[in-house]
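**Student:** Input: one structure, supplied below.
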Amino acid sequence: MRQNRENSSKALRIVIAGGGYAGLSALIILRKKLPDAQIVLIDPRDSHLLITRLHETVHGSLEDISIPYQDLARRFDFQHIRQALEIDMEKLQLWQKRRCIEVDRQQLDFDYLLLATGASVIDPVPTEGVIDLDELCRHPLSAKLEKIIADGDKEHRQINIIGAGPTGIQFAFAIEHILYTARTSFRITLSDAKDRLLEDFPAAMVGYVQKRLAEKNIQFLNSRFFVARQEEQIVLENRRSKQQQLLPDDLTLLLLGKKPEPLLHANTSGQVVLDGEALGNIFTAGDCSCYDELGSNRMTMQTALRKGKAAAKNILRAARVIRFCLPYMHQDKGYILHLGPADAVGWVGSSRHIISGMPACLAKEAIEMQYALLLEGVDSYVL
Ligand SMILES: Cc1cc2nc3c(=O)[nH]c(=O)nc-3n(C[C@H](O)[C@H](O)[C@H](O)COP(=O)(O)OP(=O)(O)OC[C@H]3O[C@@H](n4cnc5c(N)ncnc54)[C@H](O)[C@@H]3O)c2cc1C
């Protein structure tokens, strides 16, 4: 058995496309069990971005929430290729047949390929002067806010946040804190096409957010579509009455969420399923994947991590390094939203169990610390 394990470990070539939460958690698990395997990570970025902390860039730099792949490559002994892998259904069939992909005009042979490329930003009307999620991942918001603060003459700076999901809400509170602390005169408007705020979250959590929005004077406009930006104003349209409304625009963020393209279907082992057939050597995890039978497919950090771990264990099983692993059955154990630096709200354990204030801030901190530990090679996730 030992002989078997060593041979398979030496021979294995593993390619992972996407170095986010799913791809890296898989990589770390695989490296621990396969010290001699050749692991290649393909990702167009030069750093792993801790995107769940993106709202912190209202007062800091992107470097504060990024870890260069170069550092991680030294820690976990892998090669990073800075490219985007183009994935389509035809290529998947071909890759499975040939066990080889082409990146940067190089042929890359693999025994196992893991696709963990996340989801793409929804931006239906790319508009000049409006900042979307991709831009926030490239340029920190702190520079723009510094300009607003420095230009102190103007009365009532208008900040518009379009998209009142968790990301929009976290940015609204973070911006409010910065501008309030700097004694800038401002108004923040948060708008969403949906009728209700945070529709998929427990009512008690939504109630807490609404109370805090009112206290901080952040206006919430429901049932509003973003139409355009023109002459330093933005145009919103009421979904029901079709009436249009103009808002001044000193800063507008368009945060409409993410959508996986392509969405890869998988079985409970994480193997990609095409036309009803599992591709034995191609796995998927994270936001780009939908595991068709059991377990959560939510687009959250926890789900991405657990799918990454499940895919890694199933690769180890397929390579006969381990004999057995449970099917993917993960269900999220909570979700916490930051509401500024000293407040948060979320559910933990069950959607009936809501925590807020300092306990919620500490719980959120613990989640980030547990992930930081994983990036040091310590896996404290129970399942
Ligand atoms: C602003 C924001 C805040 C969030 N906050 C929370 C939170 O508080 N809690 C929570 O649970 N969830 C949160 N989420 C959701 C969570 O971050 C995602 O579910 C999680 O990042 C998904 O992990 P992933 O590994 O699938 O994808 P990602 O983390 O998006 O990583 C995908 C990686 O793939 C790379 N990539 C993309 N295309 C290619 C390609 N073609 N070839 C190679 N590489 C590619 C990307 O560069 C990236 O590094 C948040 C999301 C956002 C956007």
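**Student:** Quick one: in the range 102-159, of everything that is modelled with pLDDT of 90 or more and assigned to a loop (DSSP other than H, G, I, E, B), which residue is nearest to N217 (Cα to Cα)?
**Tutor:** In this case the residue turns out to be P140.
**Student:** Can you find, within the range 346-371, the residue that is nearest to the ligand (Cβ to nearest atom) among those that are assigned to a helix (DSSP H, G or I) and among the aliphatic types (A, V, I, L, M)?
**Tutor:** I367
**Student:** Select from the range 294-313 the residues that are buried (at least 21 other Cβ atoms within 10 Å of the Cβ) and more than 9 Å from the ligand (Cβ to nearest atom) and list them in ascending order.
**Tutor:** Across the range 294-313, the qualifying residues are R306, K309, A310, A311, A312, K313.
**Student:** Just to verify a result, which residue in the range 52-95, among those that are in contact with a helix residue (DSSP H, G or I) (Cβ under 7 Å, 6 or more places away or on another chain) and β-branched (V, I, T), is nearest to the ligand (Cβ to nearest atom)?
**Tutor:** Among those residues, the one meeting the criterion is T52.
Per-residue answers, yes or no, for (1) buried (at least 19 other Cβ atoms within 10 Å of the Cβ); (2) closer than 27 Å to S356 by Cα:
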residue: I175; (1), (2): yes, yes
residue: I178; (1), (2): yes, yes
residue: T184; (1), (2): no, no
residue: T189; (1), (2): yes, yes
residue: A193; (1), (2): no, yes
residue: Q210; (1), (2): no, yes
residue: N217; (1), (2): no, yes
residue: R239; (1), (2): no, no
residue: K242; (1), (2): no, no
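**Student:** Quick one: which residue in L246, L221 is over 21 Å from K147 (Cβ atoms) and surrounded by 16 or more Cβ atoms within 10 Å (Cβ to Cβ)?
**Tutor:** Matching residue, one of L246, L221: L221.
**Student:** Here's another thing I want to ask about it. If you go through the range 238-250 one residue at a time, do you hit one that is at pLDDT 95 or above and of a type in the set (K, R)?
**Tutor:** Yes - at least one qualifying residue is present in the range 238-250.
**Student:** I'm told P166 meets every condition in (1) within 13 Å of the ligand (Cβ to nearest atom); (2) at pLDDT below 95; (3) not assigned by TED's automatic domain parsing to the domain that holds G60 except one. Can you identify the failing condition by its number?
**Tutor:** Here P166 meets the rest and fails (2).
**Student:** I'm told Y112 meets every condition in (1) in contact with a strand residue (DSSP E or B) (Cβ under 8 Å, 6 or more places away or on another chain); (2) within 13 Å of the ligand (Cβ to nearest atom) except one. Can you identify the failing condition by its number?
**Tutor:** (2)
**Student:** Let me ask something additional. Scan L337, L316 and give me the residue that is part of a strand (DSSP E or B), at pLDDT 95 or above and either over 24 Å from L85 (Cβ atoms) or away from the ligand (no atom under 16 Å from the Cβ) (or both).
**Tutor:** It is L337.
**Student:** Of (1) over 24 Å from L263 (Cβ atoms); (2) of a type outside the set (S, T, Y); (3) buried (at least 16 other Cβ atoms within 10 Å of the Cβ); (4) within 16 Å of the ligand (Cβ to nearest atom), V130 satisfies all except one. Which?
**Tutor:** Just one mismatch for V130, condition (4).
**Student:** Hey, another quick one. Just to be sure I understand, how many residues within the range 253-282 are assigned to a strand (DSSP E or B) and either within 13 Å of the ligand (Cβ to nearest atom) or out of contact with any Gly (no Cβ under 8 Å at 6 or more places or on another chain) (or both)?
**Tutor:** Final tally of qualifying residues: 16.
**Student:** Moving on to the next point. Of the conditions (1) free of Cβ contacts under 8 Å to residues at least 40 places away in the same chain; (2) loosely packed, with under 14 Cβ neighbours inside 10 Å; (3) outside any loop (DSSP other than H, G, I, E, B), Q331 clears all except one; give me its number.
**Tutor:** So the condition that Q331 fails would be (3).
**Student:** Sticking with this one: Report the residue count in the range 42-90 for those that are within 29 Å of I336 (Cβ to Cβ) and not acidic (D, E).
**Tutor:** 24
The values are calculated or read from the model by the stated rules, or taken from the named source; none is laboratory data. Source: prediction; values computed, not measured. Glycine also receives a Cβ, built like all others from the backbone with ideal geometry; neighbour counts cover every protein chain displayed.
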